[in-house]
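Below is one structure, written out as structure tokens; the observations come after it.
The values are calculated or read from the model by the stated rules, or taken from the named source; none is laboratory data. All values derive from a computational prediction rather than experimental measurement. Note that each Cβ is placed from the backbone with ideal geometry, even for glycine, and that neighbours are counted across all protein chains shown.
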Amino acid sequence: MTNSSSSKKHGPGQPEEIGPTLKLQRIKMSKPEEAEKRNLNKKLKDVEISIPIVYGNVAFWLGKKASEYQSHKWTVYVRGATNEDLGVVIKRAVFQLHSSFNNPTRAVESPPFELSESGWGEFEIAITLYFHADVCDKPLNLYHHLKLYPEDESGSMSTKKPVVVESYDEIVFPEPSDSFLARVQNHPAVTLPRLPVGFTLPPPVPIEDTSKRKRGDTKDHPLAQWFMNFSEADELLQLAAARQQTDSALQRMIKVAENEIV
Amino acid sequence: MDAKDILGIPKTQLPTTQEKKSRPQKEPQRKPDGISREVYALTGGLAPLMPSIDVSQLKKRPPSDEKITWQWLPFTNSARKDNLQLYHWVRVVNGVPPTGDYSFAKYNKSVDVVKYTDEEYEKYLTDPMWTKEETDQLFELCERFDLRFIVIADRFPSSRTVEELKDRYYVSRAILIARAPSPTDVSGHPLVKDPYNVSQEVERKRALSMVLSQTKHQERKDAEVLAEAKRITDSRMASRAAEEPEMPVASHVGSESADRAVVLGDTVSPSSNIQLPSATVVPSTSIIADSASTLASLRMLRVYLRTYALEQMVQAASSSAGLRTIKRVEQALQELGVNLKPKVPTKAVCAEHLELRKEILTLLNLQKQ
């Protein structure tokens, strides 16, 4: 009823058929003009682009070759959660190291966004991500505490097995521009919700020939064998089970309350 | 002791004579050096607790070699136009009286009121509203009262408002410009730089008096209206934001947990999940409002991290809860085997986590009652 005056071009195909996230359109009431305006706005608002990333460090003990000030060789990085190329979104990553390092502000202009150094100390690294112009004009900050030494003190340090600490997060762009959407619509590094039918995007710009430039993805990265796996399935299961428990507790409470009232 | 003696016992003579006797005895003992007896008596006859000036210092002022006398002498004041001669005390040093003008003469400042000649009046200043007589009177009063227009308006023979008088006076600006050989010479003069705008002045004064005369009642009403307007705009924004995300989260989560229930082979039917939101919606309306405004503000950001968004939403949901309640929620989460901060914060995980927290909060609130 609200979509009669919408600007959607393709037939009566209403958004309600697509995906759970867009069911809400059916529920909207209000006057036709407002609905149309809202529909236009919603075209952009409903579509949120998220980039799953993993950032952290891998640190190797140098063993015999270790000196007092260079006991470990470490690499701090930001990678796609499935090791896809982040260069489609991120233009540059700036790693801010401890002031005791030479040129503590290290900028990495192309993927893979990583920085390797040697040292002995653990400190907080500020990672600033700068995006391409059509993506976002504001940078985003991440903070990672560099870990060199294993958790348990008794754990012997080996030159073969590194200390790895990674964090999973997602970069969210709540209102992406059309050009950004078009550029990344089929890119594996990017998560898009299903677009509503009739939502037309400009044709995607052909992705440049990747063989010509350096690989941006980290699938065959030398350190890839140490990367952690992040699966939401376990966490979802955990949460679902917890919610079941809470639900039943609440149900019991409500029953008790009802009985008391009666 | 003295009062009692004087009042109680009618023998008034005896106590005073007793006092007189005792006083001369005490005084020679206590006579101070350095300051005179009368001054010392001013302090109540007791030495001060903390002497501010070292007593030995006081007599040490070296006697100056000048001979100073004070004389009653006549003087004239250059600020006066008449030749009135008054007298005052003058400090005379070695028989030489001080020279120089009366020291207060320099404070006799006056305003330079523009004066026009008759020809100038004919040429520039004729005005239908004003007679030459009135204009002359005005200018004379201006001179006399140093451009204090309130006073001038009071004294003016015919009733004119202050603004009108000012306006007429400032017409002399025109004279200045006319007189000046070239416009640039005179552009620095304050009269030329800032022209007098009658209508603006009248408006300004009217508005000012309105503000000043606002009763307390009116002030309160204005404040109320402003607050109401703010509330309306806020709730409008919140309701716009609330309608959209509330629904998808609820329906999305509902279907998700229904799936999980089937997968786990649990006995709890999916219907219970749908039933629940209606039961819990009443206690959590305030939570929804907070979440809505947080969502709106998140949307304002061009880019943000999922973990940041979750943090904000958790904060908004717990805003009505005290610190102890929040700790209990976290305890409950740990008991259920859930990470306080999700290890894999995807959109779905964050939504579930948030919902779980809200449910625990509701449960705790209900348990408290």
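Within region B:66-82, the set of residues being surrounded by 10 or more Cβ atoms within 10 Å (Cβ to Cβ) and in a loop (DSSP other than H, G, I, E, B) comprises B:76, B:77, B:78, B:79, B:80.
Scoring residue A:122 on the criteria (1) closer than 16 Å to residue A:157 by Cα; (2) exposed (fewer than 15 other Cβ atoms within 10 Å of the Cβ); (3) of a type in the set (D, E, K, R) leaves a single failure, condition (2).
This table checks each residue for (1) aliphatic (A, V, I, L, M); (2) within 27 Å of residue B:133 (Cα to Cα); (3) touching a helix residue (DSSP H, G or I) at 6+ places or on another chain (Cβ under 6 Å).
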residue	(1), (2), (3)
B:71	no, no, no
B:97	no, no, no
B:100	no, no, no
B:103	no, no, no
B:114	yes, yes, yes
B:118	no, yes, no
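Note on region A:213-259: residues that are more than 25 Å from residue B:333 (Cα to Cα) and in a helix (DSSP H, G or I) total 5. Selection of first residues in region B:75-102 that are on the phi > 0 side of the Ramachandran plot and of second residues that are exposed (fewer than 13 other Cβ atoms within 10 Å of the Cβ) and assigned to a loop (DSSP other than H, G, I, E, B), restricted to Cβ pairs under 9 Å at least 6 apart or on distinct chains, gives the following pairs, ordered by first then second residue: B:94/B:66; B:94/B:67; B:95/B:67.
Of everything in region A:221-251 that's of a type in the set (A, V, I, L, M, F, W, C) and at the interface with chain B (Cβ under 7 Å from one of its Cβ atoms), which residue is nearest to residue A:113 (Cα to Cα)? Applying the filter and picking the extreme gives A:230.
Look at (1) assigned to a helix (DSSP H, G or I); (2) modelled with pLDDT of 90 or more; (3) surrounded by fewer than 21 Cβ atoms within 10 Å (Cβ to Cβ) and you find that residue B:325 fails only one, number (2).
Within region B:190-229, the residues that satisfy the criterion of being under 20 Å from residue B:167 (Cα atoms) and not in a helix (DSSP H, G or I) are B:194, B:195, B:196, B:197. Report whether or not residue B:323 is closer than 14 Å to residue A:245 by Cα, more than 9 Å from every other protein chain (Cβ to nearest Cβ) and aliphatic (A, V, I, L, M). When the stated conditions are applied, residue B:323 does not pass them. All of B:303, B:344, B:282 fail the test of being out of contact with any His (no Cβ under 8 Å at 6 or more places or on another chain), at pLDDT 90 or above and farther than 22 Å from residue A:241 by Cα, apart from B:303. Assessment of region B:345-368 against the conditions (without any contact (Cβ under 8 Å) to a residue 12 or more places away in the chain, within 11 Å of chain A (Cβ to nearest Cβ) and within 15 Å of residue A:236 (Cβ to Cβ)) yields at least one matching residue. Pairing residues of region A:161-178 that are within 19 Å of residue A:139 (Cα to Cα) with residues that are among the acidic types (Asp, Glu) and assigned to a loop (DSSP other than H, G, I, E, B), at Cβ distances under 6 Å and at least 6 apart in sequence or on separate chains, gives A:174/A:48; A:177/A:134. Within region B:104-126, residues that are closer than 21 Å to residue B:166 by Cβ and polar (S, T, N, Q) sit with their Cβ atoms under 7 Å from residues that are surrounded by 11 or more Cβ atoms within 10 Å (Cβ to Cβ) and modelled with pLDDT of 75 or more, at 6+ positions apart or across chains, in these pairs: B:110/B:146. Name every residue in region B:312-322 that is assigned to a helix (DSSP H, G or I) and touching a residue at least 24 places away in the same chain (Cβ under 8 Å), in order of residue number. If the condition is that a residue be assigned to a helix (DSSP H, G or I) and touching a residue at least 24 places away in the same chain (Cβ under 8 Å), then B:313, B:314, B:316, B:317 are the ones that fit. Here region A:162-179 is the region considered, the condition is being more than 11 Å from chain B (Cβ to nearest Cβ) and among the hydrophobic types (A, V, I, L, M, F, W, C), and the residue that is farthest from residue A:87 (Cα to Cα) is A:163.
Looking across region A:37-77 at every residue that is modelled with pLDDT of 85 or more and over 30 Å from residue A:102 (Cβ atoms), the one that is surrounded by the most Cβ atoms within 10 Å (Cβ to Cβ) is identified as A:51. Across region A:83-119, what is the number of residues that are buried (at least 16 other Cβ atoms within 10 Å of the Cβ) and not basic (Lys, Arg)? The qualifying residues number 22.
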